[in-house]
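Engineer: Below you'll find the structure I mean.
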Amino acid sequence: MSRPTKRTNDLSAKKRALLQALMQKEGIAARPEPTIPRRSAAEPIPLSFAQQRLWFLDRFDAGASAYTILSAVKLSGLLDLAALHGSLKTIVERHAVLRTTFVEHAGPPVQVIAPTLELPLPLVDLH
(Lines give C-alpha, C1' and ligand atoms only; values in the text may rest on other atoms or scores of the structure.)
Protein backbone atom coordinates (compact mmCIF):
# COMPACT_ATOMS: atom_id res chain seq x y z
CA MET A 1 0.00 0.00 0.00
CA SER A 2 1.50 3.32 -1.03
CA ARG A 3 1.61 6.26 1.33
CA PRO A 4 0.35 9.63 0.15
CA THR A 5 3.15 12.03 -0.69
CA LYS A 6 3.39 15.28 1.20
CA ARG A 7 3.59 18.52 -0.70
CA THR A 8 6.34 20.94 0.26
CA ASN A 9 3.74 23.49 1.35
CA ASP A 10 2.41 21.02 3.95
CA LEU A 11 5.78 20.97 5.75
CA SER A 12 6.66 23.19 8.66
CA ALA A 13 9.11 26.03 7.99
CA LYS A 14 11.91 24.10 9.76
CA LYS A 15 11.35 20.92 7.72
CA ARG A 16 11.04 22.92 4.48
CA ALA A 17 14.40 24.62 5.17
CA LEU A 18 16.01 21.23 5.90
CA LEU A 19 14.57 19.75 2.71
CA GLN A 20 15.84 22.70 0.65
CA ALA A 21 19.32 22.35 2.20
CA LEU A 22 19.42 18.62 1.42
CA MET A 23 18.21 19.20 -2.14
CA GLN A 24 20.78 21.94 -2.66
CA LYS A 25 23.53 19.64 -1.31
CA GLU A 26 22.47 16.96 -3.82
CA GLY A 27 22.30 19.52 -6.65
CA ILE A 28 18.55 19.18 -7.07
CA ALA A 29 16.81 22.36 -8.14
CA ALA A 30 13.52 23.05 -6.40
CA ARG A 31 10.56 23.40 -8.70
CA PRO A 32 8.16 26.22 -7.96
CA GLU A 33 4.73 25.00 -6.90
CA PRO A 34 2.24 25.49 -9.73
CA THR A 35 -0.36 28.06 -8.82
CA ILE A 36 -3.52 29.33 -10.40
CA PRO A 37 -3.30 33.12 -10.65
CA ARG A 38 -5.98 35.05 -8.81
CA ARG A 39 -8.46 36.65 -11.17
CA SER A 40 -8.98 40.38 -11.03
CA ALA A 41 -12.54 41.36 -10.16
CA ALA A 42 -12.52 43.88 -13.02
CA GLU A 43 -11.73 41.43 -15.84
CA PRO A 44 -14.53 39.50 -17.57
CA ILE A 45 -14.88 35.84 -16.70
CA PRO A 46 -15.12 33.54 -19.73
CA LEU A 47 -17.64 30.73 -19.75
CA SER A 48 -16.44 27.20 -19.07
CA PHE A 49 -16.98 24.64 -21.84
CA ALA A 50 -20.04 23.27 -20.03
CA GLN A 51 -21.46 26.79 -19.63
CA GLN A 52 -20.81 27.53 -23.31
CA ARG A 53 -22.72 24.39 -24.24
CA LEU A 54 -25.72 25.31 -22.10
CA TRP A 55 -25.64 28.91 -23.35
CA PHE A 56 -25.62 27.68 -26.96
CA LEU A 57 -28.51 25.27 -26.33
CA ASP A 58 -30.51 28.06 -24.70
CA ARG A 59 -29.91 30.30 -27.71
CA PHE A 60 -30.75 27.45 -30.08
CA ASP A 61 -34.07 26.68 -28.33
CA ALA A 62 -34.84 29.73 -26.20
CA GLY A 63 -37.20 29.13 -23.32
CA ALA A 64 -36.83 25.33 -23.37
CA SER A 65 -37.01 23.79 -19.93
CA ALA A 66 -34.91 20.70 -20.60
CA TYR A 67 -32.32 21.71 -17.98
CA THR A 68 -34.77 23.06 -15.42
CA ILE A 69 -34.99 20.97 -12.28
CA LEU A 70 -38.08 21.49 -10.19
CA SER A 71 -38.44 20.44 -6.60
CA ALA A 72 -40.77 21.16 -3.73
CA VAL A 73 -40.32 21.08 0.00
CA LYS A 74 -43.20 20.54 2.37
CA LEU A 75 -42.77 22.36 5.65
CA SER A 76 -44.94 21.52 8.62
CA GLY A 77 -45.24 23.24 11.95
CA LEU A 78 -44.50 26.85 12.77
CA LEU A 79 -42.33 28.63 10.25
CA ASP A 80 -39.80 31.22 11.33
CA LEU A 81 -39.89 33.26 8.13
CA ALA A 82 -37.01 35.52 9.21
CA ALA A 83 -34.76 32.51 9.91
CA LEU A 84 -35.66 30.91 6.55
CA HIS A 85 -34.98 34.15 4.68
CA GLY A 86 -31.72 34.70 6.60
CA SER A 87 -30.43 31.20 5.86
CA LEU A 88 -31.25 31.45 2.15
CA LYS A 89 -29.55 34.87 2.05
CA THR A 90 -26.43 33.43 3.73
CA ILE A 91 -26.25 30.58 1.23
CA VAL A 92 -26.49 33.03 -1.69
CA GLU A 93 -23.81 35.28 -0.12
CA ARG A 94 -21.38 32.34 0.27
CA HIS A 95 -21.81 30.82 -3.19
CA ALA A 96 -20.98 33.10 -6.11
CA VAL A 97 -22.49 30.63 -8.57
CA LEU A 98 -25.94 31.55 -7.22
CA ARG A 99 -25.30 35.22 -8.08
CA THR A 100 -23.83 34.53 -11.54
CA THR A 101 -25.47 35.51 -14.81
CA PHE A 102 -24.27 35.36 -18.42
CA VAL A 103 -24.04 38.61 -20.34
CA GLU A 104 -23.34 39.20 -24.02
CA HIS A 105 -21.34 42.28 -24.91
CA ALA A 106 -19.43 42.82 -28.11
CA GLY A 107 -18.06 39.30 -28.41
CA PRO A 108 -18.61 36.02 -26.62
CA PRO A 109 -20.78 35.80 -23.48
CA VAL A 110 -19.10 36.27 -20.11
CA GLN A 111 -20.02 35.54 -16.51
CA VAL A 112 -21.03 38.42 -14.30
CA ILE A 113 -21.07 37.82 -10.55
CA ALA A 114 -23.30 40.21 -8.65
CA PRO A 115 -21.69 41.39 -5.40
CA THR A 116 -25.04 41.03 -3.63
CA LEU A 117 -28.43 39.65 -4.55
CA GLU A 118 -31.64 40.35 -2.69
CA LEU A 119 -34.00 37.39 -2.80
CA PRO A 120 -37.67 38.13 -2.49
CA LEU A 121 -39.36 35.43 -0.45
CA PRO A 122 -43.07 35.57 -1.21
CA LEU A 123 -45.32 33.98 1.38
CA VAL A 124 -48.45 32.21 0.24
CA ASP A 125 -50.65 30.96 3.06
CA LEU A 126 -52.75 28.10 1.72
CA HIS A 127 -54.94 27.72 4.82
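The values are calculated or read from the model by the stated rules, or taken from the named source; none is laboratory data. Note that the structure is a prediction, hence the values are computed from the model and not measured. All Cβ positions, even for glycine, are placed from backbone atoms using ideal geometry, and neighbour counts span all protein chains on display. Areas reflect the complete protein model, heavy atoms only, side chains present, ligands, DNA and RNA absent. Shrake-Rupley method; radii C 1.70, N 1.55, O 1.52, S 1.80 Å.
Engineer: What base-10 log of the normalised intensity I(q)/I(0) is obtained for the chain from the Debye formula, alpha carbons as equal point scatterers, at q = 0.12, 0.13, 0.16 Å⁻¹?
Structural biologist: Per q value, in the given order, log10 I(q)/I(0) is -0.83, -0.88, -1.01.
Engineer: Give me the one-decimal nm value for the distance between modelled label points at E26 and L84, 7 Å along each residue's Cα-to-Cβ direction.
Structural biologist: The modelled label-to-label distance comes out at 6.2 nm.
Engineer: In region 33-127, what chymotrypsin sites (Phe, Trp or Tyr not before Pro) fall in a loop by DSSP, with at most 16 other Cβ atoms inside 10 Å?
Structural biologist: Y67
Engineer: Can you list the trypsin sites (Lys or Arg not before Pro) in region 31-104 that are in a DSSP coil and have 14 or fewer other beta carbons within 10 angstrom?
Structural biologist: For trypsin sites (Lys or Arg not before Pro) across region 31-104 that sit outside H, G, I, E and B with at most 14 neighbouring Cβ atoms in 10 Å, the list reads R38, R39, K74.
Engineer: If I take every Cα pair under 8 Å that is 6 or more residues apart in the chain, average their sequence separation and divide by the length, what percent do I get for the relative contact order?
Structural biologist: Taking the mean separation of contacting Cα pairs over the length of the chain, I get 20 percent.
Engineer: Let me ask something additional. Which value, in Å² rounded to 10, gives the accessible area of L75 with a 1.4 Å probe and all protein chains present?
Structural biologist: Probe radius 1.4 Å; accessible area of L75 about 110 Å².
Engineer: Starting from the 7 Å offset along Cα-to-Cβ, what nm value, one decimal, do you get for the label separation of A42 and Y67?
Structural biologist: 3.1 nm
Engineer: Next question. Just the number, please: carbon plus sulfur as a percent of the accessible area of the chain, 1.4 Å probe, no ligands or DNA/RNA counted.
Structural biologist: 61 percent
Engineer: Another one. For region 9-65 and region 82-101, compute the distance between their C-alpha centroids and round to whole Å.
Structural biologist: 26 Å
Engineer: Rolling a 1.4 angstrom probe over the protein heavy atoms, how many square angstrom per residue are accessible across the chain?
Structural biologist: Roughly 95 Å² per residue, with all protein chains present.
Engineer: Sticking with the crude label model, points 7 Å out along Cα→Cβ, report the distance from A96 to F60 in nm, one decimal please.
Structural biologist: 2.9 nm
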